[in-house]
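S.K.: Have a look at the structure that comes next, please.
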């Protein structure tokens, strides 16, 4: 089976970092790059390194069990929305990253609307929950209020920046 999963969010929510963690822990890349260190696998264009943001949708591939997944890291900046919109057209599933500190942003609402328009199933991932001011429960309530009543919190901590196999399996099976 081949499936395409898009990673979408507002700018600086952690899309590229999240995608690289999945690629690293599925042994698709040998090392995790960092956007702030200008060495990420997915943000590899000169302009992306200079600006510290994703400008072009990039793809990584990983294997899980007997399936191949194509992971698309999309731009979160409004100036590059057309790039994100083109990527949506090939997605089977989407992960919307929401900062546990900032919560839902205007661009998050735009992303949700586009995904609903194309009938793409969505998994929300609350990122940055280790930061001061983060509140995952409040973000879940925001999701329920603004997007879907079917939201619930799966409290899986990622100790030592490790993505657990249980979480990968849960995402892959959804």
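Quick note: the coordinates plus some simple rules give every number you see, no bench work behind them. From a predicted model like this one, the values you see are computed outputs, not experimental measurements. Ideal geometry is used to build each Cβ from the backbone, glycine not excepted, and the neighbour counts take in all protein chains shown.
S.K.: With a Förster radius of 22 Å, plug the Cβ-Cβ distance of residue 46 and residue 78 into 1/(1 + (r/R0)^6) and report the FRET value to the nearest 0.05.
M.R.: So the FRET efficiency works out to roughly 0.55.
S.K.: Starting from the 7 Å offset along Cα-to-Cβ, what nm value, one decimal, do you get for the label separation of residue 153 and residue 92?
M.R.: With each label placed 7 Å out from Cα toward Cβ, I get 3.2 nm.
S.K.: List residues of the range 1-40, by number, whose backbone nitrogen lies under 16 Å from a label position 7 Å along Cα→C-beta of residue 61.
M.R.: Those under the cut-off are 1-5, 23-24, 26-30.
S.K.: Then there is this: In nm, to one decimal, how far is the modelled label at residue 116 from the one at residue 11, with both set 7 Å along Cα→Cβ?
M.R.: The modelled label-to-label distance comes out at 2.5 nm.
S.K.: Where does each of 131-139, 77-85, 101-109 land if you order them by average Cβ count within 10 Å, highest first?
M.R.: Descending mean neighbour count gives 101-109, 77-85, 131-139.
S.K.: Sorted by packing (mean other beta-carbon atoms within 10 Å per residue), highest first, where do 111-122, 9-20 land?
M.R.: 9-20, 111-122
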